[in-house]
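The values are calculated or read from the model by the stated rules, or taken from the named source; none is laboratory data. Quick caveat: nothing in here was measured; it's all calculated off a predicted structure. Note that we place each Cβ from the backbone using ideal geometry, even for glycine, and neighbour counts take in every protein chain shown. Accessible surface areas use protein heavy atoms only, side chains included; no ligands, DNA or RNA. Shrake-Rupley method; radii C 1.70, N 1.55, O 1.52, S 1.80 Å.
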Amino acid sequence: MAHFPKPAEGSWTEHFKIDTSPTSYEDSISPEHYEAEREAIFKKTWLNIGRVEQLPKGGSYFTKELSAAKTSVIVVRGKDNEIRSFHNICRHRGNKLVWNDFPREEVSGSCRQFTCKYHGWRYDLDGELTFVQQEGEFFDLDKQNFGLAPIRTEVWEGFVFINFDNDAAPLKEYLGAYAKGLDTYPFGKMTEVYKYRAEIGANWKLFIDAFMEFYHAPILHQKQAVDDESRKLREVGYEALSYGVDGPHALVSSWGGMAPPKDESMVKPIERLLRSGLFGLWDAPDVGPIPEAGLNPTRHKAWGEDSFLFFPNFMLLVWKPNWYLTYHYWPTSYNTHTFECSLYFVPPTNAYERLQHELAAVTFKEYALQDANTLEATQTMLESRAVTEFPLNDQEVALRHLHTTARAYVADHKAEKDQASA
Ligand code: FES
Ligand SMILES: [Fe+2]
C-alpha cells in the first residue's frame, strides 16, 4: 500500500510511458556505447561547469578538464564582466594554454592575459591573439585570425554552462520547466561552499542512479541512523512524495524527516547538539522569498528536498532548510568517472553556525562514500555479463528515465549521422 498517492495509471513508470520490462545495463559496460555517448551527449548538450562565484572579477578564470568531450576548457570573466569559454589550446602549435605544474590538473586564478608556456604567444581575456614572439618570422600571419577557439557559454541563475554544439537550443529553453520554476531562487546568497571530488570506478550513469532513487537508503545507509530508527526505516521502506519528468530532465521530490526530527532520540548526540545533520541545518536561515512554485510539487507538509537531474550530468538538490547541493559526474572512460559534490550554505555569522555546516558536510560525505564503493562493486559484476537484465521498481523510475534518455540521444545521433552519409 503506497503511503503517498501515485498517478491514475497505478505507477509513476507507466504514467511517464516508460517501459516497465527488465532493463539492460549494456549502456554502462560497453566501451563502444561510451564512445557514442561522448559524441551524442557530451558534445551536444548544455554542461554545467561551475558557478559565477568562481569568477569574482574581470580576469578571474578556471579550467575544466572534459575528457568526455575530449577537451580542456578555459572559463574567464572579461573586463566587460562577460563570462566566456575557450578551448584550452594555443593556436601556434597546440600546447595546452593554461595549466600550472601538471598539464592534466584543473587550475584557477586571475590574470590580465594568457601566455603560452611554449613560445610565449599571448591572448587577452576575450581570446584575441595579442602577441606573437618573432612575428616577422611567420608567413603572412594575421593575428586577428588566430584567437582562441570559443565555446558557447550561457548562465542560468549563476550556474555557468557550455555547449560544444553551435546549433543547440539556448540554455534556458533546454533547461525547461524545472529551471524556470527555480528562477530567482537565492542561490547567490548561499556562498559558503564545501566541495568533494572522487575518482569512481563505475560508469557515470551508475552514480546518478544511486542519487535518483532512495529505495537503497534504509538498507545501504542503515548504520547512519540509531538502531531503533534504522529498524523502523527498513520496515517502512522508502517512497518519494512524487517523481517528475520534463524532456530529458527528471525530478525526485522527497520528504525529509530529520530537519528537525520528530523525535530527537532518533538522531546521534552530535546532531542534537549542533541541530544539523544529513538534511542540513534544522533551523533555516532567512534568505528572503523562495520561488515556491518550483519546489515541493505535491505541496506536502513533510516535504524536505527536491533532487533535479538536468540531463546529462548535473544534479541540483534544493533543501527545505534553505541550502542546496550539486553533483556532477564527469566520465573519464566507460567504467570510470570523476564525481564532484558541492554543498552551499548561507555564510555563517558565528562559530556555531560554521560547525553546523561542517557537520552537514561530513555527514553527507559518509553517505556518499557508502554509495560510491557500492558502485564499484556493481560495475565489476555488470561487466561479467553473467546476468544481463535487471528488474527496476517504480521508485527507480527516474533512473530508468535517465538510461532511456541517454540511449535515445545515442540512437538519434546515429540516425542523423547515417542520414547525412546516405
Ligand atoms: S605552442 Fe603556444 S606559443 Fe607555441
Ligand atoms: Fe545513498
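Order Ile270, Ile151, most accessible first, counting only protein heavy atoms with a 1.4 angstrom probe. Intermediate results must be reported in sequence, preceding the final value.
On the way: Ile270 85, Ile151 15 Å².
Sorted by accessible area, descending: Ile270, Ile151.
Ignoring everything except DSSP H segments at least 4 long, calculate the 222 nm mean residue ellipticity for the chain; use -39,500 (n - 2.57) per segment, divide by total residues, nearest 500. The partial results should precede the final answer.
Numbers: 9 runs with 108 residues, N = 422.
Result for the chain: -8000 deg cm²/dmol, rounded to the nearest 500.
Please enumerate, by chain and number, the aspartates and glutamates with C-alpha under 18 Å from the C-alpha of Lys172, excluding those fewer than 8 residues away in the same chain.
Glu82, Glu154, Glu157, Asp183, Asp246
Taking a probe of 1.4 angstrom, what is the accessible area of Ser230 in Å², to the nearest 10?
10
Which entries of Lys223/Lys365; Lys268/Lys365; Lys70/Lys96; Lys57/Lys189; Lys44/Lys143; Lys43/Lys64 show an alpha-carbon separation above 19 angstrom in the structure shown?
Values: Lys223/Lys365 14 Å; Lys268/Lys365 16 Å; Lys70/Lys96 13 Å; Lys57/Lys189 17 Å; Lys44/Lys143 30 Å; Lys43/Lys64 15 Å.
Lys44/Lys143, as the Cα separations exceed 19 Å there.
Using protein chains only and a probe of 1.4 angstrom, how many square angstrom of His119 are accessible, to the nearest 10?
Rounded to the nearest 10, that gives 60 Å².
Answer rounded, prolate or oblate for the stretch 137-237, using the Cα gyration tensor with square roots of eigenvalues a ≥ b ≥ c: rounded when a/c is under 1.5, else prolate when a/b is larger than b/c, else oblate. Before the final figure, lay out the partial values.
Values: a/c = 2.97, a/b = 2.27, b/c = 1.31.
Cα axes put the stretch 137-237 in the prolate bin.
Provide the FRET efficiency to the nearest 0.05 for the Glu383-Leu220 pair, computing r from the beta carbons and using R0 = 30 Å. Display every interim value, and only then the final one.
Values: r = 21 Å, r/R0 = 0.70.
After rounding, the FRET efficiency stands at 0.90.
Please give the per residue accessible area of the chain, computed with a probe of 1.4 Å over protein heavy atoms only, in Å². Walk me through the numbers before you get to the answer.
Numbers: 19920 Å² over 422 residues.
For the chain, the per-residue accessible area is 47 Å².
Debye calculation, C-alpha points only, no solvent: report log10 I(q)/I(0) for the chain at q = 0.12, 0.13 Å⁻¹, in the same order as the q values.
-1.06, -1.22
Mind running the shape call on the stretch 176-217? Use the C-alpha gyration tensor, a ≥ b ≥ c as the square roots of the eigenvalues: rounded below 1.5 for a/c, prolate if a/b tops b/c, oblate otherwise. Mind dumping the intermediate values first?
Numbers: a/c = 2.44, a/b = 1.50, b/c = 1.63.
Here the stretch 176-217 falls in the oblate category.
So, with a 1.4 angstrom probe, what is the percent of accessible area on the chain that is carbon and sulfur? Let's see the in-between values first.
Details: 10570 of 19920 Å².
Carbon plus sulfur share of accessible area: 53 percent.
Accessible area, 1.4 Å probe, largest first: how do Trp121, Trp99 sort?
Details: Trp121 10, Trp99 50 Å².
Result of the area sort, largest leading: Trp99, Trp121.
Calculate the spin-label point distance for Glu35 paired with Thr298, positioning each point 7 Å from the Cα along the beta-carbon direction, and give it in nanometres.
Spacing of the two 7 Å Cα→Cβ label points: 4.5 nm.
What distance in nm lies between label points placed 7 Å from Cα along the C-beta direction at Tyr367 and Ala408?
A separation of 2.9 nm, rounded to one decimal place.
Quick one: check the C-alpha center-to-center distance for the stretch 41-65 versus the stretch 97-155, whole angstrom.
Value for the Cα centre distance between the two parts: 17 Å.
Using only the heavy atoms of the protein chains and a 1.4 Å probe, how would Asp140, Asp27 rank by accessible area, largest first? Write out the running numbers ahead of the final one.
Values: Asp140 155, Asp27 5 Å².
Ranking Asp140, Asp27 by accessible area, largest first, yields Asp140, Asp27.
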